[in-house]
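Taking it in order: structure first as structure tokens, then the write-up.
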Amino acid sequence: MHSVFLAALTASLFIVGAVRADCPPVLTNGKLHGILPVVNQTVTYTEVVDCGTVSQADLFRRARLWLTQSFHSPTDTFSLNDKETGDLVGRVTQVVTLPRSESSAGGVYTFRYSFIVECSNRKYRATLTQITLENPGNARPIAIETYCEKNEKDLQGIYSELDKHLKTTLVTLQENVKNYKAF
């Protein structure tokens, strides 16, 4: 029974991917595997948006409204919600699905990341950072900077899809904060 469990665990790590010494992170032009932006050795997306004449209180309210409407997972949490400073900080989930193909096993990957919104001087700065892969069968998540797939092509596909989702998140935030449609 014990050997069956170990075989299953080994197989799941093999399929899902893991941190391996033979798979060092590849940085190309400041991007992990040429796709994900790296700042201070951490994958980080940052965007500063000027919202014209919108007050800090309105920016904060719009950002908080968008965040609560956009993230519904029971594991999504917002630990800091300070109207005085205009800061919102949360940890949210992003699911990436890769279809199965002749060259790829495909799969469903669940990532978690910190989402920080700072509102000040008619602008806001949105930062997505501390991205981890939730590893099924292991309580410890894997930092995206150290995650490794058996197949480099699969890793490129996962990173490309994650990059697309995170950029879309920032665009949607901007549409709903800067271009807010009052009722």
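With contacts taken as Cα pairs under 8 Å and at least 6 residues apart, the range 40-157 reaches a relative contact order of 28 percent.
Over the range 53-183, with every protein chain in place, what whole percent of the accessible area is carbon and sulfur at 1.4 Å, could you tell me?
Values: 3610 of 7140 Å².
Reported share for carbon and sulfur atoms: 51 percent.
Can you tell me the FRET efficiency between K83 and K153 if r is taken as the Cβ-Cβ distance and R0 is 45 Å, rounded to the nearest 0.05? Once the sixth-power term is evaluated, E becomes 0.45.
Multiply the residue separation of T42 and A105 by 0.36 nm, subtract the distance between their alpha-carbon atoms, and state the gained length in nm to one decimal.
Values: separation 63, 0.36 × 63 = 22.68 nm, distance 2.75 nm.
Stretched fully, the T42-A105 segment lengthens by 19.9 nm.
How many angstrom separate the Cα center of the range 33-80 from the Cα center of the range 114-170? Each part's Cα centre sits 13 Å from the other's.
A 1.4 Å probe run over the range 33-183, with the rest of the protein chains in place, finds 54 Å² accessible per residue.
The values are calculated or read from the model by the stated rules, or taken from the named source; none is laboratory data. These figures come from a predicted structure and were not determined experimentally. Heads up, the Cβs are rebuilt from the backbone with ideal geometry, glycines too, and the neighbour counts pull from every protein chain shown. These accessible areas exclude ligands, DNA and RNA; they are computed on the full protein's heavy atoms, side chains included. Shrake-Rupley method; radii C 1.70, N 1.55, O 1.52, S 1.80 Å.
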